[in-house]
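J.: Below is the structure I would like to discuss, written out as structure tokens.
The values are calculated or read from the model by the stated rules, or taken from the named source; none is laboratory data. Note that this is a predicted model, so its numbers are computed, not measured. Don't worry about glycine lacking a Cβ; one is built from the backbone with ideal geometry, like all the others, and counts go over all protein chains shown. Ligands, DNA and RNA are excluded from the accessible area calculation, which covers all protein heavy atoms including side chains. Shrake-Rupley method; radii C 1.70, N 1.55, O 1.52, S 1.80 Å.
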Amino acid sequence: MEQRAFGRSGQTVSVVGLGTWQLGADWGEVREADALAVLEAAVAAGVTFFDTADVYGDGRSEQLIGRFLKERPDAEVLVATKMGRRVALDPALYTLGNFRAWTDRSRANLGVDRLDLVQLHCPPTAVYSSDAVFDALDTLVDEGRIAAYGVSVETCDEALTAIARPGTASVQIILNPFRLKPLEAVLPAAEAAGVGIIARVPLASGLLSGKYTKDTEFAANDHRTYNRHGEAFDQGETFSGVDYATGVEAAVEFAALAPEGASPAQTALRWLIQQPGVSTVIPGARNPEQARANAAAADLAPLPESTLAAVRDLYDAKIRAQVHDRW
């Protein structure tokens, strides 16, 4: 699989990575054996980037990755984790002391001395403007606790503020055919500054797979049930903030754009891969078949200009009014 330079970190990552939120059982139950099989399938398909967080299953996702890498010391995988959402979202809590404690927990969960990449996990907006916060992150690098740091953001303005920080290695942002706003300023700014872009929620929580109907029901402990209107966290994390019924309708039209031999999900990932400035895209997978299918998107031919234009037209007609100005 194609490997791309990962921002200012000096690291490289596969263009298709693996998001592991679901392995924490926050999308419905996932058995440990199934989770490990997903990790194995992804690595076998050429994936070299795992994205996790200390809050996914309250550490379960990190622990499973740690176990997998202990059993597979030959696997060359860059693991990015996140911190900051196990406590109240209060800027006063983003201190060096807490950062040390949080990264110590993640290091223990993952079984490593130094974390490859730590991202602030969608912190309050004020955090991005705090010199003390970024000084603390620089200290973690100096102490050898982390190799590099980045941020996971909700809004384009937050992303641009973070990109302006000289130590920021990467920005993780929601980007998919139903969320185009980052293309306007964030991706060009990141590319100019040498900051890596991690595209998350690449399938709009599964909408872009084309598998769901208006009657599809999700488990009670699946965020696609309990966070449709932002009840638990930012609404943009669920279906990219698109009203579910609207998203299902738009997904049918998107599916019609898939080239012969490619699924709608693979088409969405291929669309992301060819956006200038994107370093890696992190779809999740609940089973090995999904992991392999996601990775195979990297082998597809680039989408033609006619398809790119059709994606833009679909966004403008069905999605833009709901999400563009909000995020």
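J.: Once you have the Cα-Cα distance between ALA309 and ALA193, take 0.36 nm times their residue separation minus that, and quote the gain in nm to one decimal. Mind showing how you got there, number by number?
T.: Details: separation 116, 0.36 × 116 = 41.76 nm, distance 2.73 nm.
Separation in residues times 0.36 nm, less the Cα-Cα distance, equals 39.0 nm.
J.: Could you let me know the centre-to-centre spacing of the stretch 148-175 and the stretch 128-147, using Cα atoms, in angstrom?
T.: 14 Å
J.: While we're on this one: MET1 accessible area, nearest 10 Å², 1.4 Å probe?
T.: So the heavy atoms of MET1 present about 70 Å² to solvent.
J.: On the accessible surface of the stretch 24-162, probed at 1.4 Å, how many percent belong to carbon and sulfur atoms?
T.: 48 percent
J.: Okay, moving on. Using a 10 Å cut-off on Cβ atoms, rank the peptides 237-246, 211-220, 56-65 from the highest mean neighbour count down. Please report the intermediate quantities before stating the final value.
T.: Values: 237-246: 20.3, 211-220: 11.4, 56-65: 23.3.
Top to bottom by mean Cβ count within 10 Å: 56-65, 237-246, 211-220.
J.: So, one more: What is the diffusion coefficient of the chain in µm²/s, taking the Kirkwood radius over Cα pairs and the Stokes-Einstein relation at 4 °C with a viscosity of 1.567 mPa s?
T.: Stokes-Einstein gives a translational diffusion coefficient of 66 µm²/s.
J.: Now, a different point. Note the full-extension length gain between GLN3 and ALA88 as 0.36 nm times their separation in residues minus their Cα-Cα distance, in nm to one decimal.
T.: On the way: separation 85, 0.36 × 85 = 30.60 nm, distance 3.67 nm.
The span from GLN3 to ALA88 would gain 26.9 nm if fully extended.
J.: So, one more: Provide the per residue accessible area, probe 1.4 Å, for the chain, rounded to a whole number of square angstrom.
T.: Ligands and nucleic acids excluded, the figure is 39 Å² per residue.
J.: A further question on this structure: Taking 0.36 nm per residue of sequence separation and subtracting the Cα-Cα distance, how much length would be gained by fully extending the chain between ALA164 and ASN287, in nm to one decimal?
T.: Gain on extension, ALA164 to ASN287, equals 40.5 nm.
J.: Quick one: Cα centre-to-centre distance for the stretch 264-312 and the stretch 26-84, in angstrom?
T.: 21 Å
J.: At 1.4 Å probe size, what's the solvent-accessible area of VAL252? Round to the nearest 10 Å².
T.: For VAL252, the solvent-accessible surface is approximately 100 Å².
J.: Rank by packing, highest mean first: peptides 318-326, 183-191, with packing defined as the count of other Cβ atoms within 10 Å averaged across residues.
T.: Ranking, from highest mean packing down: 183-191, 318-326.
J.: Share of the stretch 270-320's accessible area from carbon and sulfur, percent, 1.4 Å?
T.: For the stretch 270-320, the apolar C and S fraction of the accessible surface comes to 52 percent.
J.: Say each of ASP34 and GLU143 gets a label point 7 Å from the Cα, pointing the same way as Cα to Cβ; how far apart are those two points in nm?
T.: Each label point lies 7 Å from its Cα, and together they span 3.8 nm.
J.: Going by a ≥ b ≥ c, the root eigenvalues of the Cα gyration tensor, does the stretch 278-317 fall in the rounded group (a/c under 1.5), the prolate group (a/b larger than b/c) or the oblate group?
T.: prolate
J.: Could you list which residues have their amide H under 5 Å from that of GLN172, counting only those 5 or more apart in sequence or on another chain, with H placed in the peptide plane?
T.: Result for GLN172 returns VAL151, SER152, VAL153, ILE198.
J.: Follow-up question, since we're still on this one. What is the spin-label model distance, in nm, from ASP58 to GLN275 if the labels are put 7 Å beyond Cα along the C-beta direction?
T.: A separation of 3.4 nm, rounded to one decimal place.
J.: As an exercise, use a Förster radius of 56 Å and the Cβ-Cβ distance of ARG320 and GLU71 to find the FRET efficiency, rounded to the nearest 0.05. The partial results should precede the final answer.
T.: Details: r = 46 Å, r/R0 = 0.82.
It comes out at approximately 0.75.
J.: Moving on. Which FRET efficiency, nearest 0.05, do GLU253 and ALA219 yield, Cβ-Cβ r, R0 25 Å? Could the numbers behind the result be given before it?
T.: Working: r = 27 Å, r/R0 = 1.09.
Efficiency computed from Cβ-Cβ geometry: 0.35.
J.: Below 8 Å, C-alpha to C-alpha, sequence gap of six or more: please give me the relative contact order for the chain in percent.
T.: 22 percent
J.: Of the beta bridges DSSP finds with both residues in the chain, what % are antiparallel, to the nearest 5?
T.: Close to 20 percent.
J.: Report the residue, chosen from ALA193, ALA309, ALA164, that carries the largest GNM mean-square fluctuation when the chain is represented by alpha-carbon nodes joined by springs under 10 Å.
T.: Highest fluctuation of the listed residues: ALA309.
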